[in-house]
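Structure first, commentary second.
The values are calculated or read from the model by the stated rules, or taken from the named source; none is laboratory data. Quantities reported herein were computed from a predicted structural model and do not represent experimental measurements. All Cβ positions, glycine included, derive from the backbone under ideal geometry; neighbour counts span all protein chains shown. What goes into the accessible areas is simple: the full protein's heavy atoms, side chains included, and nothing from ligands, DNA or RNA. Shrake-Rupley method; radii C 1.70, N 1.55, O 1.52, S 1.80 Å.
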Amino acid sequence: PLVCLQLYVRIGSAWEKPEEAGFSHFTEHLVFKSTRRFPQNSIMDQVTNLGGSINAYTEYDTTCFYVTLPSGFLAEGLEMIAELAYQANFIQQDFDSEKMVVMEELKQYKNDPEDSFIEEIAEVYFSDNPFKNPIIGNPKRLNSSTPEDLRTFYRKYYVPNNCFLIISGDFDEEKAVSLTDKYFLEWQSTPLKITRKMKYDLIKTADFSFIKRNISNDLLAFALPDLSEKNPASY
């Protein structure tokens, strides 16, 4: 008797503008800190008290927020997802502390030989494809960012015409629709144009690249063009 809610926002590192580099990942962290209904990170306590779990992740194409709860708490789950979607506060104190967390995460990522190696493969392999952009962002832009930068990013991309909600598990469909109307009623759409130009600038012949790092072991990768998941032959 569980219900799982997933809110997908159609923004990730591949579709950020250069001045927004890393903002998808940073926003994913920051919205949990304080919302209209759940200040001081209390949304985490609320989920724990209800016997559930909540988390999020950022990818190249999307940012996803998800919560799993006993099915009797569908209303509470929808309220929390709605708060994350359009009621985050971006308080200066939260912004400063979470920026330190993200910057430390970036350092750890760079210091991990395998993670940083995989990221650098994309940078070497692609020349003008948006999937060369690291999900975590870059330290220079993150360091110079302000709360207003993140608020602008949030207001721009976190809109209903750029998101979709999935509800799965043990729930009544009519009740779910009614509750969704209730908690998302104030969420307003805004004009949004995201140009998604995909350049398949794949290397046509065999090529070799060497990345030198002061580590104790060698790492070898073969990067090959692959089929889209939408292609029926992909499996």
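Let me have the 222 nm mean residue ellipticity of the chain computed from DSSP H runs of 4+ only, each contributing -39500 (n - 2.57), with the sum over all residues rounded to the nearest 500. Don't skip to the answer; put the middle values down first.
Values: 8 runs with 91 residues, N = 235.
For the chain, the value works out to -12000 deg cm²/dmol.
When only alpha carbons of region 2-132 are considered, Rg and Dmax amount to 16.5, 50 Å.
Counting other C-beta atoms within 10 Å, and keeping those with at most 11, which DSSP coil chymotrypsin sites (Phe, Trp or Tyr not before Pro) do you find in region 169-206?
Here the chymotrypsin sites (Phe, Trp or Tyr not before Pro) that fit, given the DSSP loop and packing criteria, are Tyr200.
For Lys182, the aspartates and glutamates whose Cα comes closer than 19 Å to its Cα, not counting residues fewer than 8 places off in the same chain, are Glu76, Glu79, Glu83, Asp172, Glu173, Glu174. Pairwise Cα distances in region 46-118 exceed 22 Å for 43 percent of all pairs.
The string of couplings for region 42-54 from the Karplus curve (6.51, -1.76, 1.60, θ = phi - 60°) is 6, 5, 5, 5, 4, 5, 4, 5, 8, x, x, 9, 9 Hz, one whole number per residue in order, with x for Gly and Pro.
Just to confirm the filter: which trypsin sites (Lys or Arg not before Pro) across region 23-73 are DSSP coil and have at most 16 other Cβ within 10 angstrom of their Cβ?
Numbers: sites: Lys33, Arg36, Arg37; in loops: Lys33, Arg36, Arg37.
Passing both the DSSP loop test and the Cβ count: Arg36, Arg37.
Percent of alpha carbon pairs in region 56-192 separated by more than 24 Å? In whole percent, the long-distance tail amounts to 46.
Taking 0.36 nm per residue of separation and subtracting the Cα-Cα distance, full extension of the segment from Leu202 to Asn41 would add 53.6 nm.
Here the alpha carbons of region 147-235 define both size measures, Rg and Dmax, at 22.5, 59 Å. With all protein chains in place and a 1.4 Å probe, the accessible surface of region 75-119 carries 49 percent carbon and sulfur.
Within straight-line reach of Lys204, meaning a Cα separation under 19 Å, sit the following lysines at least 8 residues removed in sequence or on another chain: Lys132. Too long at a 22 Å Cα-Cα cut-off: which of Lys33/Lys99; Lys110/Lys212; Lys197/Lys230; Lys156/Lys199; Lys156/Lys230? In this structure, Lys156/Lys199; Lys156/Lys230 exceed 22 Å between Cα atoms.
Each of Glu16, Glu174 has its accessible area taken with a 1.4 Å probe; listed largest first, they run Glu174, Glu16.
Dimensions of the chain along the principal axes, based on C-alpha atoms and rounded to the nearest Å, stand at 57, 46, 39, largest first. Return the FRET efficiency for the residue pair Arg213, Asn138: r is the Cβ-Cβ distance, R0 is 22 Å, and the value is rounded to the nearest 0.05. Using R0 = 22 Å, I get an efficiency of 0.75. Taking θ = phi - 60°, what integer Hz values does the Karplus form 6.51 cos²θ - 1.76 cosθ + 1.60 yield along region 162-171, in sequence order, with x for Gly and Pro? Per residue, the Karplus-derived 3J(HN,Hα) values read 10, 9, 9, 10, 10, 10, 9, x, 9, 8 Hz.
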